[in-house]
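The values are calculated or read from the model by the stated rules, or taken from the named source; none is laboratory data. Predicted, not measured: the structure shown is a model, and the values here were computed from it. Virtual Cβ from ideal backbone geometry, glycine too; neighbours counted across all protein chains shown. Surface areas here come from the heavy atoms of the whole protein model, side chains and all, with no ligands, DNA or RNA. Shrake-Rupley method; radii C 1.70, N 1.55, O 1.52, S 1.80 Å.
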Amino acid sequence: MIVSVIMPVYRVPEPFLRACMKSLLEQTLHAMEFVFVADGADDPGLVQMEEAARRDSRVKLLVQKSHGGVSAARNLGLDAARGEWIGFVDADDQVHPEMYERLLYRAVASCSDLAGCGFLREMATGSSRLDCPSEGVWGMTKDFSAAKAIANAKTSCCSKLFRRDNLHGLRFDEDLALHEDIVFLTRALNRASRIAFTDQPLYCVCHRPDSAHRRPFDLNMLENSIWP
């Protein structure tokens, strides 16, 4: 049972990228592949990713000729991934060494289509904050249970493991400049029959002031609305 983890890379500072790749390649789950997508042939992180691909046969390196954005990079990764389970990582974050082993066990043991975990968020002040869902398994056929599951899911795809068969060709909307995770995750949740969460903080969001999702919110970025 293979788990594929897709990591788009665009202008990520070297120390962040190296730390992220190290946390992935040291996962305790053995049946894994790592799909690294350079979002542009001139991306400075390409050298580090090529090095990782030479050293570790589990790394599959893809290169977009020009910068297309995180959604396009993730979609390219989805097309190339061969795992029965799919995960996503932002290249400036890190994951716990047992994250995917624990999420896979949680998903399979509960017969779920999606498993998620909590976040450890590094703050600009140097402190950290936990953001964790409630431990449990929720069915999606009853309104109250589904509402609880959706509330626990938060808005990020990076703390999740998705059953590949349940995605049925679902892709990230490349027309969106913001909140592409929310749209993809909402659609995936709507297709799921059961969802499992652990309250363990297995995903670490590292503070990087210049990253896209930490920039000030701009209503103009919602020109392509996520609502019909």
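The single condition among (1) among the aromatic types (Phe, Trp, Tyr); (2) open to solvent by less than 10 Å² (accessible area, probe 1.4 Å); (3) over 25 Å from Leu176 (Cα atoms) that Phe119 does not satisfy is (3). Could you check, for region 90-105, whether at least one of its residues is closer than 12 Å to Phe36 by Cα and touching a Cys at 6+ places or on another chain (Cβ under 8 Å)? Scanning region 90-105, I find at least one residue that is closer than 12 Å to Phe36 by Cα and touching a Cys at 6+ places or on another chain (Cβ under 8 Å), so the answer is yes. Evaluated against (1) within 23 Å of Leu24 (Cβ to Cβ); (2) in contact with a strand residue (DSSP E or B) (Cβ under 9 Å, 6 or more places away or on another chain), Arg194 falls short on exactly one condition, (1). For region 161-213, filtered to residues that are more than 20 Å from Ala72 (Cβ to Cβ) and among the charged types (D, E, K, R), the residue that is modelled with the lowest pLDDT is Asp210. Exactly one residue out of Glu26, Glu50 is of a type outside the set (Ser, Thr, Tyr), in contact with a Pro (Cβ under 7 Å, 6 or more places away or on another chain) and surrounded by fewer than 22 Cβ atoms within 10 Å (Cβ to Cβ): that is Glu26.
Within region 7-14, identify whether any single residue is of a type in the set (Lys, Arg), at negative phi and surrounded by fewer than 18 Cβ atoms within 10 Å (Cβ to Cβ), and answer yes or no. The answer is no, given that none of the residues of region 7-14 is of a type in the set (Lys, Arg), at negative phi and surrounded by fewer than 18 Cβ atoms within 10 Å (Cβ to Cβ). Inside region 134-163, residues that are open to solvent by 30 Å² or more (accessible area, probe 1.4 Å) and at positive phi make up a count of 1.
Among the residues of region 107-130, those that are on the phi < 0 side of the Ramachandran plot and modelled with pLDDT under 90 comprise Arg121, Glu122, Met123, Ala124, Thr125, Ser127, Ser128, Arg129.
Evaluate the following for Asp131: is it surrounded by fewer than 17 Cβ atoms within 10 Å (Cβ to Cβ) and under 22 Å from Ala91 (Cβ atoms)?
So Asp131 fits the description; yes.
One residue stands out in region 178-201 among those that are assigned to a loop (DSSP other than H, G, I, E, B) and without any contact (Cβ under 8 Å) to a residue 60 or more places away in the chain: the one that is farthest from Ser134 (Cα to Cα), namely Leu178.
Considered as a group, the residues in region 30-39 that are modelled with pLDDT of 95 or more and surrounded by fewer than 19 Cβ atoms within 10 Å (Cβ to Cβ) include one that is nearest to Glu101 (Cα to Cα), and that residue is Ala31. Filtered by the rule that a residue be free of Cβ contacts under 8 Å to residues at least 24 places away in the same chain and not in a loop (DSSP other than H, G, I, E, B), region 110-145 gives Ser128, Arg129, Asp143, Phe144, Ser145.
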